[in-house]
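What follows is a single structure, written as structure tokens, with notes after it.
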């Protein structure tokens with residue numbers, strides 16, 4: 001006998017489903033009830049457009065957009081049959097099973113147990129996290145966690161919208177695929193990697209983490225390549241998830257020309273911070289132990305203080321370059337720096353130490369300083385009753401050398417500034433500055449190279465006062481706004497001169513430019529202080545037209561008398577300085593031109609020129625630059641430089657982007673370096689090729705060429721090839 005009823009509301013459906021489940025529970029033996037699985041005790045609830053019940057077969061037939069759910073699992077289909085005698089569920093027509101974690105399984109037909117945890121399906125497709133996609137001719141689900149698929153295909157690539165039958169960019173085909181939802185692993189048996197439908201690799205067994213997993217122990221894709229020093233090499237990393245807060249990576253590397261090397265990294269995160277340690281080690285064929293260790297850490301102590309460190313050490317100066325570790329080509333020294341710092345509304349404080357290891361061929365460790373300790377605190381309260389702003393700081397450090405000067409310094413600076421507006425719209429700024437510096441110098445002050453100074457305890461106070469006048473003249477017209485602003489600054493203070501009694505630890509790198517034309521001190525540190533009576537003059541001009549702008553400054557400095565404090569070639573060694581200027585032009589939003597120069601005070605010839613032009617549009621940019629600078633041996637520039645550089649890059653077409661560039665020495669008439677890179681990236685795949693060549697050997701980098709290729713199959717892994 002057959003009964004048919006059109007259900008008008010959800011309440012009737014829920015009542016019928018609850019009654020069916022209750023009757024089924026009464027018929028089932030007590031020992032067979034899944035008491036160990038709380039989820040299975042929940043009733044299966046469903047809604048449908050039409051419900052039929054066949055008394056002869058004890059089957060409930062739901063049709064018309066059926067949706068059934070049990071716990072966090074949802075089953076949808078055009079028709080679902082509930083076999084109450086055998087406790088089976090049959091679904092067909094656009095079957096979809098939605099799991100609580102977001103996974104979705106699609107099939108043409110499916111046969112499931114009454115709790116929807118186990119069963120078989122035909123012509124299935126699965127959508128996982130991070131865009132992972134499965135397809136298989138059939139699958140069996142067991143124990144509520146395993147999905148065993150036959151003739152399965154996995155990829156994260158989306159189907160071509162114009163040709164869905166076209167093979168994806170990459171896919172893994174296997175005779176058998178097992179997805180363990182509890183261990184979050186996907187295993188392949190007799191697997192083939194295909195690129196654009198073409199088989200490129202075969203393995204009898206392969207596994208990787210479920211795309212929903214962020215961290216899981218296992219082997220990573222290997223790296224391999226060749227090197228003029230190492231020969232052919234192969235590196236196989238293994239990633240180990242220790243717990244929820246820490247992990248480690250071990251990567252042994254074998255080479256044909258050197259002994260094996262072990263690379264490793266350990267990371268741990270805490271509620272208050274983190275730290276990482278990475279390094280490598282080997283015993284080379286000359287029986288010398290070599291390696292490196294880098295570590296970084298930072299921890300918040302409270303809302304004001306935090307502490308941490310940055311540690312870098314290597315067994316020797318060539319190890320990092322020969323094994324291509326940690327951007328060694330661009331590093332002149334390794335720095336180890338423990339620190340603690342405090343942040344406040346009106347103050348900032350820091351205490352640290354510096355330990356250096358030189359990487360240049362001519363570095364002598366006996367001359368390299370150790371800074372232990374170094375402290376600095378800065379305080380800047382609000383404006384006072386007059387409207388002035390006070391800023392004070394206090395710093396101390398101690399440097400020691402095995403050979404050379406040992407310096408201990410205590411320095412403080414207080415600056416007060418008060419701006420005022422004149423009757424004609426001009427702006428007057430009154431400033432006062434006081435530097436207090438004390439030294440204790442010891443060690444071998446006659447050793448070279450040293451920062452100079454003579455032994456003993458000494459100090460100096462250096463007060464200065466400044467009056468700055470500027471008159472910004474602004475008008476509108478000619479399609480925009482124009483600004484002309486003459487600036488005159490008078491600074492009064494005692495002359496300092498080149499006093500050999502004081503060492504020079506932090507004021508060696510002097511560069512006179514339009515950026516430091518105005519101010520109390522043009523030196524970067526405190527060991528050399530700009531003194532004497534001087535007048536700095538300049539004029540600033542700007543023109544703003546819609547989105548276009550022109551902004552520039554031209555000026556010069558005058559002193560009461562020449563000061564041997566400034567090295568020859570600095571532009572400040574005479575009473576009258578060189579001319580300095582800067583110009584920034586942006587005619588349209590896609591173009592930026594920048595020019596910085598220093599011109600000879602007498603002949604007006606160029607002594608320093610720094611020119612760059614950048615053109616950018618739609619994610620693409622072109623940069624061309626030119627640098628000309630004279631030799632300043634006393635300011636860390638031993639040779640004259642005249643170089644031109646250019647680079648172009650950005651988005652090419654579609655998912656492709658790239659960049660190429662080069663730098664050439666015009667004095668030596670030879671190339672210095674060149675580089676290039678090409679990148680492809682979409683939702684499932686990334687490819688990167690990098691080329692870099694150094695044409696000349698320097699103290700930091702050896703002559704040579706680097707080539708790197710890397711392929712990334714998203715959610716599966718990546719591997720690369722490098723040659724250097």
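General remarks:
- Enumeration of residues in region 550-585 that are more than 29 Å from residue 494 (Cβ to Cβ) and either surrounded by 17 or more Cβ atoms within 10 Å (Cβ to Cβ) or over 42 Å from the mean Cα position of the chain (by Cα) (or both): 550, 554, 581, 582, 583
- Among residues of region 446-457 that are at positive phi and in contact (Cβ under 8 Å) with a residue 12 or more places away in the chain, those with a beta-carbon under 8 Å from a residue that is surrounded by 14 or more Cβ atoms within 10 Å (Cβ to Cβ) and in a loop (DSSP other than H, G, I, E, B) at least six positions away or on a different chain give the pairs 452/445; 452/502; 452/503; 452/504; 453/445; 453/502; 453/503; 453/504.
- Taking first residues from region 538-549 that are on the phi > 0 side of the Ramachandran plot and modelled with pLDDT under 95 and partners that are surrounded by fewer than 17 Cβ atoms within 10 Å (Cβ to Cβ) and assigned to a strand (DSSP E or B), the Cβ contacts under 7 Å between residues at least 6 apart in sequence or on separate chains come to 546/480.
- For residue 339, the criteria (1) modelled with pLDDT under 85; (2) under 28 Å from residue 298 (Cβ atoms) hold in every case but one, which is (1).
- Of all residues in region 107-118, exactly one satisfies the criterion of being in contact with a strand residue (DSSP E or B) (Cβ under 6 Å, 6 or more places away or on another chain), buried (at least 18 other Cβ atoms within 10 Å of the Cβ) and closer than 21 Å to residue 184 by Cβ, namely 116.
- Matching residues, region 433-451, being surrounded by fewer than 17 Cβ atoms within 10 Å (Cβ to Cβ), more than 18 Å from residue 494 (Cβ to Cβ) and more than 39 Å from the chain's Cα centre (by Cα): 440, 442, 444, 446, 447, 448
- Enumeration of residues in region 679-696 that are closer than 30 Å to residue 157 by Cα and either in a strand (DSSP E or B) or out of contact with any helix residue (DSSP H, G or I) (no Cβ under 9 Å at 6 or more places or on another chain) (or both): 679, 680, 681, 682, 685, 686, 687, 688, 689, 690, 691
- Within region 378-396, being free of Cβ contacts under 8 Å to residues at least 60 places away in the same chain, surrounded by 14 or more Cβ atoms within 10 Å (Cβ to Cβ) and either within 35 Å of the chain's Cα centre (by Cα) or part of a loop (DSSP other than H, G, I, E, B) (or both) holds for 378, 379, 380, 388, 391, 392, 393, 394, 396.
- Listed here are the strands (runs of 3 or more DSSP E) enclosed by region 188-278 that have at least 2 residues being over 28 Å from the mean Cα position of the chain (by Cα) and exposed (fewer than 14 other Cβ atoms within 10 Å of the Cβ): 198-209, 231-235.
- Of all the residues in region 602-638, those that are buried (at least 16 other Cβ atoms within 10 Å of the Cβ), modelled with pLDDT of 90 or more and not in a strand (DSSP E or B) number 0.
- With respect to the conditions (1) over 26 Å from residue 55 (Cβ atoms); (2) modelled with pLDDT of 85 or more; (3) touching a helix residue (DSSP H, G or I) at 6+ places or on another chain (Cβ under 9 Å), residue 82 falls short on a single one, namely (1).
- Index of the failed condition, residue 55 passing every other in (1) more than 50 Å from the chain's Cα centre (by Cα); (2) surrounded by 13 or more Cβ atoms within 10 Å (Cβ to Cβ); (3) more than 18 Å from residue 119 (Cα to Cα); (4) at pLDDT 80 or above: (2)
- Scan region 79-106 for residues that are free of Cβ contacts under 8 Å to residues at least 12 places away in the same chain and touching a strand residue (DSSP E or B) at 6+ places or on another chain (Cβ under 8 Å) and the total you get is 0.
Residues are listed down the side, and each one gets a yes or a no for (1) more than 30 Å from residue 103 (Cα to Cα); (2) at pLDDT below 90:
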position: 221; (1), (2): no, yes
position: 243; (1), (2): no, no
position: 250; (1), (2): yes, no
position: 266; (1), (2): yes, no
position: 280; (1), (2): yes, no
position: 288; (1), (2): yes, no
position: 295; (1), (2): yes, no
position: 305; (1), (2): yes, no
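- Within region 72-98, the only residue that satisfies the criterion of being surrounded by 17 or more Cβ atoms within 10 Å (Cβ to Cβ) and outside any strand (DSSP E or B) is 84.
- The set of residues in region 590-601 being assigned to a strand (DSSP E or B) and surrounded by fewer than 17 Cβ atoms within 10 Å (Cβ to Cβ) consists of 591, 593, 594, 595.
- Residue in region 657-678 that is touching a strand residue (DSSP E or B) at 6+ places or on another chain (Cβ under 8 Å), closer than 30 Å to residue 172 by Cβ and not in a strand (DSSP E or B) present: no
- Residues (crowded, with 16+ Cβ neighbours inside 10 Å and not in a strand (DSSP E or B)) located in region 309-325: 315, 317, 319, 320, 321, 322, 323, 324, 325
- Within region 342-377, restricting attention to residues that are in contact (Cβ under 8 Å) with a residue 40 or more places away in the chain and assigned to a strand (DSSP E or B), the residue that is surrounded by the most Cβ atoms within 10 Å (Cβ to Cβ) is 357.
- Residues of region 171-187 that are in a loop (DSSP other than H, G, I, E, B) and within 31 Å of the chain's Cα centre (by Cα): 184 alone.
- Among the residues making up region 472-502, those that are more than 16 Å from residue 541 (Cβ to Cβ) and assigned to a strand (DSSP E or B) are 489, 490, 491, 492.
- Selection count, region 143-170, where residues are over 38 Å from the mean Cα position of the chain (by Cα) and in a strand (DSSP E or B): 6
- Residues of region 397-425 satisfying the condition of being under 20 Å from residue 470 (Cβ atoms) and either assigned to a strand (DSSP E or B) or modelled with pLDDT of 95 or more (or both): 415, 416, 417, 418, 419, 420, 421
- Residue, farthest from the chain's Cα centre (by Cα), within region 510-536, restricted to residues that are more than 19 Å from residue 437 (Cα to Cα) and surrounded by 19 or more Cβ atoms within 10 Å (Cβ to Cβ): 534
- Breaking point among (1) at positive phi; (2) crowded, with 17+ Cβ neighbours inside 10 Å, for residue 497: (2)
- Only one of the numbered conditions (1) buried (at least 16 other Cβ atoms within 10 Å of the Cβ); (2) under 41 Å from the mean Cα position of the chain (by Cα) is not met by residue 138, and that is (2).
- Some residue of region 424-431 being crowded, with 19+ Cβ neighbours inside 10 Å and touching a residue at least 12 places away in the same chain (Cβ under 8 Å): yes
- Of all residues making up region 296-308, the number that are in a strand (DSSP E or B) and surrounded by fewer than 17 Cβ atoms within 10 Å (Cβ to Cβ): 5
The values are calculated or read from the model by the stated rules, or taken from the named source; none is laboratory data. Not measured: the values here are computed from a predicted model. Glycine gets a Cβ as well: all are built from the backbone with ideal geometry, and neighbour counts include every protein chain shown.
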